[in-house]
1. Can residue 84 be described as part of a helix (DSSP H, G or I) and either within 24 Å of residue 29 (Cα to Cα) or at pLDDT 95 or above (or both)?
2. Is it the case that segment 58-73 has a residue that's part of a helix (DSSP H, G or I), modelled with pLDDT of 95 or more and within 23 Å of residue 131 (Cβ to Cβ)?
3. Which pairs have Cβ atoms under 6 Å, sit 6 or more apart or on different chains, and link a residue in segment 42-55 that is modelled with pLDDT under 85 to one that is surrounded by fewer than 16 Cβ atoms within 10 Å (Cβ to Cβ)?
4. Across segment 130-140, what is the total count of residues that are modelled with pLDDT of 70 or more and part of a helix (DSSP H, G or I)?
């Protein structure tokens with residue numbers, strides 16, 4: 001501040017508003033937090049459930065490994081969405097798109113997965129979410 005400037009002028013007010021606005025951009029949108037927690041919960045619950053199912057059966061098949069890998073991917077999506085990694089939102093969208101693709105055997109599953117896919121993609125690629133991921137990937 002220049003000598004004699006109390007900081008009460010128009011310039012400082014503008015700077016305070018600008019800093020406040022930039023600080024809000026670093027804040028994680030609630031929708032990103034919710035989706036990340038959803039991925040963490042689905043990944044963890046699915047991994048535990050399917051592991052117990054495999055152990056009870058005393059048999060392990062290639063399909064079992066693929067299911068467990070899918071659950072681990074969900075966990076990674078959730079964790080790295082919370083950390084603001086841009087690639088994680090693309091992986092989360094791809095994970096849900098995969099579930100849409102494997103749901104064509106049931107109209108009900110397909111509709112549910114498409115609705116979730118649309119909501120997830122909308123939430124993760126809105127302007128506030130994009131600003132959050134961009135700011136963190138730039139090191140801000």
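The values are calculated or read from the model by the stated rules, or taken from the named source; none is laboratory data. Because the structure is a prediction, the values reported are computed rather than measured. Because the Cβ atoms are built from the backbone with ideal geometry, glycine has one as well, and the counts that use them run over all protein chains shown.
1. no
2. Looking through segment 58-73, none of the residues is part of a helix (DSSP H, G or I), modelled with pLDDT of 95 or more and within 23 Å of residue 131 (Cβ to Cβ).
3. From segment 42-55, the pairs are 54/60; 54/64.
4. Here the count works out to 7.
Each row is one residue, and each column tells you yes or no for (1) touching a strand residue (DSSP E or B) at 6+ places or on another chain (Cβ under 8 Å); (2) assigned to a helix (DSSP H, G or I); (3) within 19 Å of residue 78 (Cα to Cα).
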| residue | (1), (2), (3) |
| --- | --- |
| 98 | no, yes, yes |
| 105 | no, no, no |
| 108 | no, yes, no |
| 114 | no, yes, no |
| 122 | no, yes, yes |
| 128 | no, yes, yes |
